[in-house]
Amino acid sequence: MAVLDVLVVGGGPAGSTCARFLAKAGARVAVVDRAQFPRVKLCSGWLSTPIWDVLELSPYDYPGGRWEWRTCHVRYGGEDRAISCRGWFIRRFEFDDFLLRRSGAELHLGVTVGDIARDEDGLWSVAGLRARHLVGAGGTHCPVARLCSPTRPLGPVGVQEHEFRADPTAIARTRLGRDGEPELLLHDDLSGYSWNVPKTDWLNVGTGTADPREVRTAWQSARASFRAAGHLPADVEAELDATKGYSYYLYHPEHLRGAARVDGDGKGGAYLVGDSLGLAQPLTAEGILPAVVSGRLLAEAIAADAPASYPTRLAAHPVLADYQRVFRLRETATSLRRRYSRSSMDGPTAPANGFLARKSRHAVSAGFAWMFSGARFPAPRLVDLALDGADWWLGRRGQGNVSGGVT
């Protein structure tokens, strides 16, 4: 049996990107996936602007459906705002198949991964294939992730979602903005958000919550809100009843420590990319960009004969470095909110509709839309210094960058 250089389990954006850059470097790569492509994938199909550079692809060269938007409609605290920013939406049914077919890898589709074994020569055996390196790219429940058992300090987020076809005239009549412009409903306690995305003759609607147990209730509330605003066609009730749930993990700095399990001689190992590792943006929960970033970085590490460097490459990449900052900002905001709540229990509170409250709601809406577009922090070093100062003031230590490590 011929020995592959790399075997990738999972043909989504993370796995296909990893396979493509390995194949470009001259490696023999195979991708195994239990699905036949194209396949239905529950996802809003949201791409932020950096992804095209990572893929080395122009958005205008992508042959599938593509919806570019330059305005994000955000509702928060009972107020609607149209915020200028930029991004794209695609249909995962088309996008994933396109990336996989252009990867240059051997494709073994419709193959279920059962046992994963390793022989005395250090070669991985999966579904009748053998390889020196094993990549887990099969999402939250990837069998390679079960094998590697990465640390999960926090639980998964929950999602309730559906994408369906509808009359394009009815969609155009009821959408809030132009075709492709997302409508986002931030939940009052900022524990999640809901969305309504028009894609000409397709609609993608859904809700995500930090606590998966709250997602069904949150979706029903969002559905009623979109309906009351007149932003859903009248004849799609049956489709709205058909939403399905799933869960995945947001970025946590500890996840990077489980990114690679490399042999002492560096000649083989097991690695996790994308949702198998848990890399989604810690506030907006964007998952496709970190998936392709991690896939490419792992491919480059293996091609350079330095797979042990993969976690460090992840931590140093600008996208993941910004995720670290967002994670720290979220943790700082939580600590400040708890401290403020304790200190103000017996004192006066600001009026809910006062000037400062309105400015605060506007800042939250604008900040979320800015992150939704995948924009970089303009002065990352100053942000790091501010976060270090906040950690000192709050009495926290060791909250800085985590560079990852090899287990």
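Looking at 234, 218, 224, 242, which one is small (Gly, Ala, Ser), free of Cβ contacts under 8 Å to residues at least 12 places away in the same chain and either within 23 Å of residue 166 (Cα to Cα) or assigned to a helix (DSSP H, G or I) (or both)?
224
Regarding residue 71, is this residue under 30 Å from residue 358 (Cα atoms) and touching a residue at least 60 places away in the same chain (Cβ under 8 Å)?
Against the criterion (under 30 Å from residue 358 (Cα atoms) and touching a residue at least 60 places away in the same chain (Cβ under 8 Å)), residue 71 qualifies.
Given the structure, is residue 8 closer than 19 Å to residue 139 by Cβ, crowded, with 19+ Cβ neighbours inside 10 Å, more than 18 Å from the chain's Cα centre (by Cα) and not polar (S, T, N, Q)?
Answer is yes for this residue.
Quick one: in the range 228-257, of everything that is surrounded by fewer than 21 Cβ atoms within 10 Å (Cβ to Cβ) and aliphatic (A, V, I, L, M), which residue is farthest from residue 150 (Cα to Cα)?
That would be 234.
Of the conditions (1) surrounded by fewer than 15 Cβ atoms within 10 Å (Cβ to Cβ); (2) closer than 18 Å to residue 135 by Cα, residue 113 clears all except one; give me its number.
Among (1) surrounded by fewer than 15 Cβ atoms within 10 Å (Cβ to Cβ); (2) closer than 18 Å to residue 135 by Cα, residue 113 violates only (1).
Which condition number does residue 255 fail, the rest of (1) modelled with pLDDT of 95 or more; (2) assigned by TED's automatic domain parsing to the domain that holds residue 177 being met?
Failing condition for residue 255: (2).
Which of the residues spanning the range 267-292 are under 16 Å from residue 371 (Cβ atoms), in contact (Cβ under 8 Å) with a residue 60 or more places away in the chain and in a helix (DSSP H, G or I)?
288, 289
Wholly within the range 112-192, which strands (runs of 3 or more DSSP E) include no fewer than the required count, namely at least 2 residues that are within 23 Å of residue 243 (Cα to Cα)?
157-165, 183-186
Can you list the strands (runs of 3 or more DSSP E) found entirely within the range 1-102 that contain at least 3 residues being not assigned by TED's automatic domain parsing to the domain that holds residue 284?
Output list reads 66-76, 79-90.
Which numbered condition trips up residue 209, out of (1) closer than 11 Å to residue 159 by Cβ; (2) surrounded by fewer than 15 Cβ atoms within 10 Å (Cβ to Cβ); (3) β-branched (Val, Ile, Thr)?
(2)
Kindly provide the set of residues from the range 91-112 that are in contact with a strand residue (DSSP E or B) (Cβ under 6 Å, 6 or more places away or on another chain) and of a type in the set (A, V, I, L, M, F, W, C), ordered by number.
Selection gives 105, 107, 109, 111.
Determine the pairs where a residue that is farther than 24 Å from residue 86 by Cα and in contact (Cβ under 8 Å) with a residue 60 or more places away in the chain, located within the range 158-179, has a partner that is crowded, with 16+ Cβ neighbours inside 10 Å and β-branched (Val, Ile, Thr) with Cβ atoms under 6 Å apart, the partner being 6 or more residues away or on another chain.
158/209; 158/215; 160/207; 160/215; 160/243; 166/236
Kindly provide the set of residues from the range 292-311 that are of a type in the set (A, V, I, L, M, F, W, C) and surrounded by fewer than 24 Cβ atoms within 10 Å (Cβ to Cβ), ordered by number.
301, 303, 304, 306, 308, listed by residue number.
The values are calculated or read from the model by the stated rules, or taken from the named source; none is laboratory data. Remember, it's a predicted structure, so these values are computed and weren't measured experimentally. Note that each Cβ is placed from the backbone with ideal geometry, even for glycine, and that neighbours are counted across all protein chains shown.
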